[in-house]
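What follows draws every value from the coordinates through simple rules; no lab data is involved. These numbers were taken from a predicted model, which means no experiment stands behind them. Heads up, the Cβs are rebuilt from the backbone with ideal geometry, glycines too, and the neighbour counts pull from every protein chain shown.
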Amino acid sequence: MSTHINAPAGAIAENILLPGDPLRAKFIAENFLENPKLYNEVRGMYGYTGTYKGVPVSVQGTGMGQPSISIYATELFKDYGVKKAIRVGTCGAISEELELRDTILVNSACSDSCLLNQRFGALHFAPTADFNMVKTADSVAQKMGIRYTVGSVASSDFFYDINSNWKKWKEYGVKGIEMESAELFTLAAQYNRRAMAIMTVSDHILKGGETTAEERQTTFTNMMKIALETIISV
């Protein structure tokens with residue numbers, strides 16, 4: 001048992017999906033896992049463990065922003081022995097090639113977060129996804145016929161970007177803006193774990209358009225299917 005996850009030893013699987021929204025965690029558990037059991041509801045951050053095609057899989061809400069996912073990922077890696085983690089989240093697209101509801105398989109994450117600065121000071125660290133997880137997800141998405149792209153995102157501490165920093169990231173080929181992946185990849189490196197992220201485009205910063213809160217919770221199933229097939233295969 002840790003500070004923010006009220007689960008006994010052995011209640012959490014080595015394979016875990018990490019949506020930011022706890023209601024998306026509930027949706028995944030109830031619609032994709034067999035015999036899901038609720039192991040956490042501290043601060044409304046639901047966590048469940050069940051099986052997917054006979055393999056134990058957990059799903060844990062992490063909240064919004066890198067400080068929040070840092071809490072949950074640290075406790076999962078350090079206290080509960082999680083080995084493989086896939087963030088299943090949403091992003092704002094900044095690439096012309098993307099449309100609403102498209103899927104991004106994230107292979108790296110830029111960041112403006114001071115969390116990296118506190119760790120590395122004047123040094124620079126490149127938060128990177130696990131190659132074999134990305135490779136497997138790429139194969140899974142192809143077989144499923146899902147529209148997707150592979151690329152980098154930017155994990156920003158700003159949701160309302162008053163400085164329009166996204167424009168600079170766009171110049172360097174970043175696909176979308178979100179708020180958590182860089183910290184997940186960094187913690188996975190620190191604890192020698194494997195992690196990646198799969199994003200669904202929930203709004204388009206360039207073209208306009210956005211999805212509803214209910215759609216973000218319950219209809220972005222492509223990334224959930226890719227994540228589940230990937231995490232039981234690597």
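Determine, for HIS204, HIS4, HIS124, the number of other Cβ atoms within 10 Å of each Cβ, and report the residues in order from fewest to most. If you can, show how the numbers build up before the last one.
Details: HIS204 20, HIS4 15, HIS124 8.
By the 10 Å Cβ count, ascending: HIS124, HIS4, HIS204.
Cα centroid distance between region 90-167 and region 8-70, in Å?
With region 90-167 and region 8-70 each reduced to a Cα centre, they are spaced 22 Å.
For region 31-41, just list the computed ³J(HN,Hα) in residue order, Karplus coefficients 6.51, -1.76 and 1.60, θ = phi - 60°, integers in Hz, with x standing in for Gly and Pro.
Once rounded to whole Hz, the list reads 10, 10, 9, 8, 6, x, 10, 6, 10, 8, 9.
Please get the size of the charge dipole for region 15-231, origin at its Cα centre, with Cβ charges of +1 on Lys and Arg and -1 on Asp and Glu, quoted in debye to the nearest 20.
Numbers: 23 positive and 24 negative charges, 123 e Å.
Roughly 600 debye, rounded to the nearest 20.
Give me Rg/Rg_expected for region 79-170, where Rg uses Cα atoms only and Rg_expected = 2.2 N^0.38 Å with N residues. Don't jump to the answer; show the numbers that get you there.
On the way: Rg = 15.1 Å, N = 92, 2.2 N^0.38 = 12.3 Å.
My calculation over the Cα atoms of region 79-170 gives 1.23.
Can you give me the long-range amide H partners of LYS37? Hydrogens built in the peptide plane at 1.01 Å from N, cutoff under 5 Å, separation of 5 or more residues or another chain.
Those lying under 5 Å, H to H, from LYS37 are THR49, GLY50.
Points 7 angstrom from Cα along the Cβ direction at LYS168 and ARG43: gap in nanometres?
Simple spin-label model gives 2.9 nm for this pair.
Divide, for region 15-231, the radius of gyration over alpha carbons by 2.2 N^0.38 Å, where N is the residue count. Please list the in-between numbers first.
On the way: Rg = 16.0 Å, N = 217, 2.2 N^0.38 = 17.0 Å.
My calculation over the Cα atoms of region 15-231 gives 0.94.
So how do 39-50, 174-185 stack up, highest first, on mean other-Cβ count within 10 Å?
Working: 39-50: 19.8, 174-185: 27.3.
Averaged packing, sorted descending, gives the order 174-185, 39-50.
In 10 Å bins starting at 0, how do the alpha-carbon pair distances of region 1-101 split up by percent?
Pair shares across the bins are 16, 50, 24, 9, 1.
Starting from the exponent 0.38 and prefactor 2.2 Å, build the expected Rg for region 119-225 from its residue count and divide its actual Cα Rg by it.
Values: Rg = 15.1 Å, N = 107, 2.2 N^0.38 = 13.0 Å.
Compactness ratio reported: 1.17.
Reachable lysines from LYS207, Cα under 23 Å, same-chain residues fewer than 8 places away excluded?
Cα-Cα hits under 23 Å: LYS167, LYS168, LYS170, LYS175.
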